[in-house]
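One structure is given here, and the rest of the page talks about it.
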Amino acid sequence: MALDRKSPNDLNAFWMPFTANRQFKKNPRMFVGAKDMHYTTSDGRQVLDGTAGLWCCNAGHCRPKITEAIQKQAAELDYAPAFQMGHPIAFELANRILDIAPDEMAHVFYTNSGSESVETALKLAIGYHRARGDGARTRLIGRERGYHGVNFGGISVGGIVTNRKTFGPLVPGVDHLPHTHLPEENRWSKGCPEHGAHLADDLERIIALHGAETIAAVIVEPVAGSTGVLLPPKGYLQKLRDITKKHGILLIFDEVITGFGRTGAAFAAEKYGVVPDMMTTAKGLTNGVIPMGAVLATAEVHDAFMNGPEHMIELFHGYTYSGNPIAAAAGIATIETYREEGLFERAAELAPYWEEALHSLKGVRNVIDIRNEGLIGAVELEPIAGEPTKRAFSAFLKAYDKGILIRTTGDIIAMSPPLIISKEQIDELVGTLKEVLEEVE
Ligand code: PXG
């Protein structure tokens, strides 16, 4: 061990996730502080957070209630075993989550991330059918362009090509619905687009192909985020619900980004009036401050496992940090902050202003589509011929220089500000983005 080999600030040791490592390390962008709507950079600038971190800091940054809850919990009970032992606040948080979830959700299984929530839900789906004597139902149906985290189950049901193609044959027995992006029909839609509910009918084709008796679950994001914000066409989610129900297939909503107020309701299930059998969550559950995820399940899913002798473990699944006390304390304080400040209602109230502001970018150079819902927005750019992603990435870098944080995926700019954003800050975000788009190649 050559401890003196490198300076502590050498950037090479940290292999950064989903990052152009070589580009970054030549020209690093470092945040050293955050408060409410802003990050502070290492060169002392303020950057307006247009993305709530990575779609997770829905209450804004360094909120006192959450910070204090974490500090207090770390001093009182830092860790308790998660298997065969409990501690009160994990139970309390589960109840707080159910308070804001659709009534049908009855149980909460803790994970540490969205990716783990997805793996958990997929395993629960297969286990549920097996527990009911329907063990041939093992197939999982995802969707093209879907993002369900980066673990093997998630990338298998997911449909982001770059996230899948490097990693071998993936989980077997998976099929995919078509994505719902119909630019010709739906360009410039505000909220959910009119066209495309029929795309859910493809599930009938997949069911006919494989046989319903082999299919465990369908998993979709109610609003597909990572792929560049694809809204569900009107009526689409209800159709998926009707078809899955008809064939005894579980429906999983991946609400990792849509949960906790992002769409202007607590969950997208509530927003769209469609209740799945399970919901996967993470991110906004703890305001992004401490890693934690949760799978919400109906009583029917849960109860299927509750058989056999009482001293036996019912589900051979869980994580060392499931329901970690400090994460649970952060979760409770986060949900209290959302409630006390009425942040879900605030997101709904601001949504029309956000929509108008975003759509004012129609006609700006290279903008070919704009999509929005709640406090989610996407601005799609015409790619530079032969150099996909370059225009949006240049916009990201220029935006950062001008003091706003945006996200890009392909040539799509995605935004999801903390729900505490003001109208003036919306104007600043969109106004600066306009300047950026007028300046980039
Ligand atoms: N499901 C969905 C729908 C997600 O959006 C995950 C699962 C995985 O969560 P974890 O906690 O394992 O990362 C996600 C994560 C982006 C972006 O900018 C989106 C995510 C993560 C990072 C960046 O689009 N989504």
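Taken together, the values in this text are just the output of simple stated rules run on the coordinates, not laboratory data. Just so you know, these numbers come straight off a predicted model, no measurement behind them. Neighbour counts run over all protein chains shown; Cβ positions are idealised from the backbone, glycine included.
Tell me what the chain gives for mean residue ellipticity at 222 nm when only DSSP H runs of n ≥ 4 count, each as -39,500 (n - 2.57), the sum divided by the residue total, rounded to 500 deg cm²/dmol.
-11000 deg cm²/dmol, from helical runs alone.
Beta carbons within 10 angstrom, averaged per residue: use that to sort the peptides 221-230, 426-435, highest first. Write out the running numbers ahead of the final one.
Values: 221-230: 24.6, 426-435: 18.9.
Per-residue Cβ counts within 10 Å, averaged per peptide and sorted highest first, yield 221-230, 426-435.
Pick from L296, L381, L182 the residue whose mean-square fluctuation is largest in a GNM of the chain, springs joining Cα atoms under 10 Å.
Evaluated over the chain, the most mobile residue of the options is L182.
Expressed as a rounded percentage, what relative contact order does segment 67-340 have, with Cα pairs under 8 Å and six or more residues apart?
Dividing the mean separation by the residue count of segment 67-340 yields 29 percent.
Cα centroids of segment 266-336 and segment 167-203: how far apart, whole angstrom?
Cα centroid of segment 266-336 versus Cα centroid of segment 167-203: 27 Å apart.
Return the distance in nm (one decimal) between the two label points of a simple spin-label model at E204 and T320, each offset 7 Å from Cα along Cα→Cβ.
The answer from the label model is 5.0 nm.
Enter the mean projected area of the convex hull around the alpha-carbon atoms of the chain, in nm², rounded to one decimal.
23.0
Which net charge results when you count Lys and Arg as +1 and Asp and Glu as -1 among the other residues whose beta-carbon is under 13 Å from that of T286?
+3
As a test of understanding, state the convex hull volume per residue of segment 307-441 from its alpha carbons, in Å³.
For segment 307-441, the hull spanned by Cα atoms encloses 198 Å³ per residue.
Quick one: dipole size for segment 67-340, taken about the Cα centre, charges +1 on Lys/Arg Cβ and -1 on Asp/Glu Cβ, in debye to the nearest 20.
700
Using 1/(1 + (r/R0)^6) with R0 = 35 angstrom and r between the beta carbons of A74 and I313, what's the FRET efficiency to the nearest 0.05? Write down the numbers at each step before the final one.
Values: r = 29 Å, r/R0 = 0.84.
Result of the calculation: an efficiency of 0.75.
In nm, to one decimal, how far is the N95 label point from the K35 one, both placed 7 Å along Cα→Cβ?
Distance between label points: 3.6 nm.
Figure the gain on full extension for E336 and D134 (residue separation times 0.36 nm, minus the Cα-Cα span) and round it to one decimal in nm.
68.6 nm
Rounded to whole Hz and in sequence order, give me ³J(HN,Hα) for segment 399-407 from the Karplus expression 6.51 cos²θ - 1.76 cosθ + 1.60, θ = phi - 60°, writing x for Gly and Pro.
Calculated HN-Hα couplings, in order: 4, 4, 4, 8, x, 10, 9, 10, 10 Hz.
Give me V274, V218, V295 ranked fewest to most by other Cβ atoms within 10 Å of their Cβ, as a rough exposure proxy.
V274, V295, V218
What residue among A74, A333, A94 has the largest mean-square fluctuation in a Gaussian network model of the chain, using Cα springs under 10 Å?
Largest GNM mean-square fluctuation: A74.
Run down the lysines and flag those whose C-alpha is under 16 Å from the C-alpha of K234, throwing out any fewer than 8 positions away in its chain.
By straight Cα distance, K234 reaches K190, K271.
Given a Förster distance of 41 Å, report the FRET efficiency between F14 and K362 from their Cβ-Cβ distance, rounded to the nearest 0.05.
So the FRET efficiency works out to roughly 0.55.
Straight distance only, please: which lysines reach the Cα of K72 with their own Cα at less than 23 Å, same-chain residues fewer than 8 apart left out?
K35, K283
Using 0.36 nm per residue of separation minus the Cα-Cα distance, give me the extension gain between K234 and E382 in nm, one decimal.
That works out to 50.7 nm of additional length.
Any chance you could run the full-extension gain for Q84 through D43? It's 0.36 nm times the residue separation minus the Cα-Cα distance, nm to one decimal.
Values: separation 41, 0.36 × 41 = 14.76 nm, distance 4.84 nm.
Gain on extension, Q84 to D43, equals 9.9 nm.
Rounded to the nearest 20 Debye, what is the dipole magnitude of segment 229-342 about its Cα centre when Lys and Arg each give +1 and Asp and Glu each give -1 at the C-beta?
Dipole magnitude for segment 229-342 comes out near 560 debye.
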